[in-house]
Amino acid sequence: MRRSRWIYCFCIVVFLGGGHQVGFAQTYEELVERSYTFVEQEDWFSAEESLKAAMRNEPGNPTNYALLTNLGTIQRRQGKRAEALISYTAALSRQPQNATILENRASLYVEMGETDKALADYTLLLLYEPDHQEALYYRGLVYLQKKDFLAAEADFDQLLQANERSIRGRLGHAILEKMRGNYEDSERIYNYLISEQPRDWLLYEGRADLYFMMGKNARAMADVNKAFAESEPSASLYVLRGKIKLAQYEKASAINDFEKAQEMGYDQAVIDELMKMAK
């Protein structure tokens, strides 16, 4: 990662960890530089403390909006969502039209289940940058969560108008058609995307979920197995495999997958319901 970058976008966020102490007699610049070092060492705690110390040294520094953004991302990485929200909001109070900060806070709101607030941030961002591709895609997904299919379709269409080769624009339509029950249309789009991006394992997971909904469990398991073999399995992938196994009456194996997803932090309410079905 280049140390000259001030703002870490969450989707490519730097990694932290460790346990170093932050010195007391360092300058603003030194403390900021140390935060980059701690980032590279995966020392979340020390990076957070370095940024806080820098801002205490110079509370009026005009670049503190960037430090607050970095701080929010670091806190978010540690699971401190409420603190991250405070940091992003403070950064936005200084740079209210900053697309990166708006995008970060919007995605954080999605994680927190605050979909209306996420929509507000994405909409504000798109007011400033109407063809912002990330915002169009993720706002479309939020609309899908809210079952507002027409609004989601409009965002995915606009994304494709901004970039006719956008994989995400087409993926958005694949998910949309799946949720509408237009399974053949969704399958056609997934097949096209996989032919274009044969090593994008999230596409296989999405198509596997579609096949599961269509009752094509053998095809679903084939896609899931490919994703397991070639990528780092996510909690959602374990849940999907467990559901397929459950449909194939492999209850003990399904429970193992659900338990693994639970360990990885999957929604407890969903896991509880799945466990009831498996027993």
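The values are calculated or read from the model by the stated rules, or taken from the named source; none is laboratory data. Source: prediction; values computed, not measured. As a convention, Cβ positions derive from the backbone with ideal geometry for all residues, glycine included, and neighbour counts pool all protein chains shown.
Beta carbons closer than 7 Å, at least 6 apart along the sequence or on distinct chains, pair a first residue in region 109-128 that is in contact (Cβ under 8 Å) with a residue 24 or more places away in the chain with a second that is in a loop (DSSP other than H, G, I, E, B) and buried (at least 16 other Cβ atoms within 10 Å of the Cβ) for L125/H132.
Residue pairs whose Cβ atoms lie under 8 Å apart, separated by 6 or more positions or on different chains, with the first residue in region 87-99 and over 14 Å from L67 (Cβ atoms) and the second among the hydrophobic types (A, V, I, L, M, F, W, C), are A99/L125; A99/A135. Residue count for region 160-200 under the criterion of being β-branched (V, I, T) and over 25 Å from G215 (Cβ atoms): the result is 1.
The criterion of at least 1 residues that are hydrophobic (A, V, I, L, M, F, W, C) and more than 23 Å from E134 (Cα to Cα) is met, among helices (runs of 4 or more DSSP H) falling completely within region 171-266, by 201-213, 217-230, 235-247, 251-263. Evaluation of A90 against the conditions (1) of a type in the set (G, A, S); (2) more than 22 Å from N163 (Cα to Cα); (3) assigned by TED's automatic domain parsing to the domain that holds N163 shows that the sole unmet condition is (3).
The listed residues are L108, L119, L85, L68, and the only one of them that is in contact with a Lys or Arg (Cβ under 8 Å, 6 or more places away or on another chain), farther than 22 Å from V142 by Cα and at pLDDT 95 or above turns out to be L68.
Matching residues to (1) under 20 Å from the mean Cα position of the chain (by Cα); (2) surrounded by 17 or more Cβ atoms within 10 Å (Cβ to Cβ); (3) modelled with pLDDT under 95; (4) among the aliphatic types (A, V, I, L, M):
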residue	(1), (2), (3), (4)
Q161	no, no, no, no
H173	yes, yes, no, no
L176	yes, yes, no, yes
R180	no, no, no, no
E187	no, yes, no, no
Y192	no, no, no, no
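Being of a type in the set (A, V, I, L, M, F, W, C), over 22 Å from the mean Cα position of the chain (by Cα) and at pLDDT 95 or above: is that true of A235 here? So A235 does not fit the description; no.
The single condition from (1) modelled with pLDDT under 95; (2) under 24 Å from E187 (Cβ atoms) that D267 fails is (2).
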